[in-house]
Amino acid sequence: MGDHPRQFFAAVGRIASEIDIAAIERLAGELAALRERGGRLFLLGVGGSAGNCSHAVNDFRKLCGIEAYSPIDNVSELTARTNDEGWDTVFAGWLEVSRLADKDALLIFSVGGGDAERGVSVNLIRAIDLARKRGAKVFGVVGRASGYTATHGDEVVVIPPVDPDKVTPLSEGMQAVVWHCLVSHPALQMCATKW
């Protein structure tokens, strides 16, 4: 039992040394371009990744001056859409009302990124398809290179799968590290943090 923390943080260290720094740098450039063109950033995720979306919306808005939103933050609309239309279309329906356009982008936080064949995270897949149809960019921070987000995105950071038994906690934890790297990036950060 006492060896778990050591193994977990060793995996975190491996991810930190193996993650594609160039992909993070490219994503920072894409987000700076999004802000420059007056586009909006829509953050999507389910489960723990949904919670990360809420926090990241705050950081992108407050620290970077990027107009950012997440359907996760409106639980009444989210649950009404789920009840009336189904979970699979909940994000696409929200994005349609938000008038997702070609100057906008999605930022998807997900462990798997969606799997059309297995019917996993179909709500993310339909949102990606809508973004493609509207000419919006698709970004992501995911734990699987084979998922729908990674294979259909414009710029996607894949968390290296260093421990197959801990893909979910490591992916969701590293999402926070990646977005904090982005919001503190000199090309993006406009306002200083308090501490």
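A short reminder: the numbers here are calculations on the coordinates, not readings from a lab. Fair warning: this is a prediction, and the values are worked out from it, not measured in the lab. Don't worry about glycine lacking a Cβ; one is built from the backbone with ideal geometry, like all the others, and counts go over all protein chains shown.
When the helix-only estimate is applied to the chain (DSSP H runs of n ≥ 4, each -39,500 (n - 2.57), divided by the residue count), what is the mean residue ellipticity at 222 nm, nearest 500 deg cm²/dmol? Kindly include the intermediate steps, with their values, before the conclusion.
On the way: 8 runs with 102 residues, N = 195.
The per-residue figure over the chain is -16500 deg cm²/dmol.
Within region 149-185, which residues have the backbone N less than 20 Å from the label spot 7 Å out from His4 along Cα→beta-carbon, could you tell me? Counting backbone N atoms under 20 Å from the label point, the list is 162-174.
Let me know the shape class of the chain, please: from the alpha-carbon gyration tensor, a ≥ b ≥ c as square roots of the eigenvalues, rounded when a/c is under 1.5, otherwise prolate if a/b is greater than b/c, or oblate. Since a/c reaches 1.5 but b/c is at least a/b, the shape of the chain is classed as oblate.
Roughly what % of DSSP beta bridges within the chain run antiparallel, to the nearest 5? Please list the in-between numbers first.
Working: 1 of 17 bridges.
In the chain, approximately 5 percent of DSSP beta bridges are antiparallel ones.
Note on the chain: with a GNM built from Cα contacts shorter than 10 Å, the maximum mean-square fluctuation among Cys181, Cys64, Cys53 falls on Cys181.
Multiplying the residue separation of Glu117 and Ser98 by 0.36 nm and subtracting their alpha-carbon distance yields 4.0 nm. Kindly identify region 97-186 as rounded, prolate or oblate by the Cα gyration tensor criterion: order the square roots of the eigenvalues as a ≥ b ≥ c, call it rounded if a/c is under 1.5, otherwise compare a/b with b/c, prolate if a/b is larger, else oblate. Oblate, because a/c is 1.5 or more while a/b does not exceed b/c.
For region 45-84, how big is the tail of P(r) above 16 Å, as a whole percent of Cα pairs? Spell out each step's value before the answer.
Working: 309 of 780 pairs.
Counting every Cα pair in region 45-84, those more than 16 Å apart make up 40 percent.
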